[in-house]
1. Would you be able to say whether some residue in region 283-295 is assigned to a loop (DSSP other than H, G, I, E, B) and either on the phi > 0 side of the Ramachandran plot or within 12 Å of ligand 1 (Cβ to nearest atom) (or both)?
2. Tell me yes or no: at least one residue of region 338-359 is in contact with a strand residue (DSSP E or B) (Cβ under 9 Å, 6 or more places away or on another chain), of a type in the set (V, I, T), part of a strand (DSSP E or B) and within 14 Å of ligand 1 (Cβ to nearest atom).
3. Failed condition for G277, given (1) within 16 Å of ligand 2 (Cβ to nearest atom); (2) on the phi > 0 side of the Ramachandran plot, with all others met?
4. Can you name every residue in region 299-337 that is near ligand 1 (Cβ under 8 Å from one of its atoms) and hydroxyl-bearing (S, T, Y)?
5. In region 275-302, how many are in contact (Cβ under 8 Å) with a residue 60 or more places away in the chain and either aliphatic (A, V, I, L, M) or touching a helix residue (DSSP H, G or I) at 6+ places or on another chain (Cβ under 8 Å) (or both)?
6. I need the full set of residues from region 288-322 which are farther than 15 Å from E353 by Cα, touching a Phe, Trp or Tyr at 6+ places or on another chain (Cβ under 7 Å) and at pLDDT 95 or above, in order please.
7. Looking at (1) of a type in the set (A, V, I, L, M); (2) loosely packed, with under 11 Cβ neighbours inside 10 Å; (3) more than 28 Å from the chain's Cα centre (by Cα), which is the one condition that is false for V136?
Amino acid sequence: MRPEAGPVPAVGDAVVDLTPTGVKEWAIRTFGESDKAVLEFGVLVLLAALAAGLGRLALRRTAAALAGVAAVGAVGALAAVTRPDSSSPADALPSLVGAATAAALLHLLVRRLTRPRPAAAPGADRRGFLVAAAGVAAGATGALLLGRTVGSTRSGHATASRNALRLPRPVSPAPAVPPGAQLPVEGISPFVTPNRDFYRVDTALVVPRVDADTWRLRIHGRGVARERVLTLPELLRREVVERDITLACVSNEVGGTLVGNARWLGVRLADLLRECGVRPPSAGGPADQLVARSVDGMTIGTPVQDVMDGRDALLAFGMNGEPLPFTHGFPVRMVVPGLYGYVSACKWITSLELTTFDAYDAYWVPRGWAARAPVKTQSRIDTPRSASGVTAGRVTVAGVAWAQHRGVSRVQVRVDEGPWQDAELGTEAGRDTWRQWRYRWQAAPGRHTLTVRATDGTGAVQTERRTGTMPDGATGLHSVTVAVKE
Ligand SMILES: Nc1nc2c(c(=O)[nH]1)N[C@H]1C(S)=C(S)[C@@H](COP(=O)(O)O)O[C@H]1N2
Ligand SMILES: [Mo]
């Protein structure tokens, strides 16, 4: 069975989809990247509590307890078959087989406890019960391990296809990162975020492991004169480009870490669309929204105009010199400079449909997020850290600022309520990436608050007005307070 069809991930995923956005935001804020582990643990705790309750009930009313087991199984089965990535009723099987097994075991265990005791061996039933229960636990563990082994041979195909992937050389390589883009400051975010440190945000409880050999991308919809279905080798044979692009999440709070910069390898999405006969709205094309779908049923809507306006909107298969990691969308994802991830960066992509914003709302839109969401100008102080202590004298304040596709033209720092002072900028690598900055501060003893703001390439200054992440990205200035010692 597909690992995603298991009752725990299926119910967990359904809970994610049904959870009100406010609660989801709270969970991301509170648990960060452990949010999924917390959710799975919650489902397991709930199941354990239900099992204990049904076990007690079974001693008095076995039929009612069996009905309870059936109900739990039905919830799992229903969740599994109604997931958007479920294509077969067989996805109900893990829950149904699990419930049937649970019912049989409950029956067996309860009988052990309630059978009239033979006078000769008082207490034997309790021992019998414990032996049977231990047997059940051992059997369940064995089944789990067997399932894991079978599951790993399945995902073995995906792993093998990723190991076998040889990334092509780009016809249009990214220019070398200018040496001055990386400032020699301890504690600053590196200009290129290593893959293992790159933030991850998605709704998938089980990371999709897609076999590159069977992967397909379908392009269809309004204004598509020539529909296409592409394989990975076909994509790799196209004109390959390499670009440095900073990706940011709309859920990133001011000063947050849901942003990263990588060197992406892929093909230009606009060229591909043009070959399919797609025209942007500005040239009279009938579709203004490009909806990307992923293997796990995510839908992400991007303005066709943005994809085709000449920016480096990519179908990417490489990230920092290696094939995309599974967690970042192997084998192929979208990356569009200047747009938040939830409206541009579909991972594990399988289809691209041309439609309109009027006709279709992508996944996050009915959940209260804006349908269109360009990245807002932001800046962050990486060092010194908030609530840290420094020694009076020269202190280097440094961090990153981003305003993808507009570029960062200026960064300023304010100490307490003082005047804005220009920071030194790292060399610009391009307007689609973040930019490092540093400010040499003559720190006087006491508690001080440092605040940063950026100006984008159009001359617009980052707004001071504080807004939350909902519906289209947080605004406001990042501050840190530090204690300066003599
Ligand atoms: N299939 C899929 N793609 C997705 C998402 C998702 O949940 N599922 N999340 C999006 C969001 S909200 C962001 S911010 C980026 C994050 O990409 P990363 O995890 O590689 O950093 O992926 C986008 N692509
Ligand atoms: Mo996001």
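1. Yes, region 283-295 has at least one match.
2. Checked region 338-359: at least one residue is in contact with a strand residue (DSSP E or B) (Cβ under 9 Å, 6 or more places away or on another chain), of a type in the set (V, I, T), part of a strand (DSSP E or B) and within 14 Å of ligand 1 (Cβ to nearest atom).
3. For G277, the failing item is (1).
4. Answer for region 299-337, where residues must be near ligand 1 (Cβ under 8 Å from one of its atoms) and hydroxyl-bearing (S, T, Y): just T327.
5. 13
6. The answer is L314, A316, G318, M319.
7. Unmet condition: (2).
Okay, residues lined up against (1) within 16 Å of ligand 2 (Cβ to nearest atom); (2) closer than 24 Å to S155 by Cβ; (3) assigned to a loop (DSSP other than H, G, I, E, B); (4) touching a strand residue (DSSP E or B) at 6+ places or on another chain (Cβ under 7 Å):
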| position | (1), (2), (3), (4) |
| --- | --- |
| P190 | no, no, yes, no |
| R218 | no, yes, no, yes |
| G223 | no, no, yes, yes |
| T257 | yes, no, yes, no |
| G266 | no, yes, no, yes |
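The values are calculated or read from the model by the stated rules, or taken from the named source; none is laboratory data. What you see is a predicted model, and the numbers here were worked out from it, not measured in a lab. Ideal geometry is used to build each Cβ from the backbone, glycine not excepted, and the neighbour counts take in all protein chains shown.
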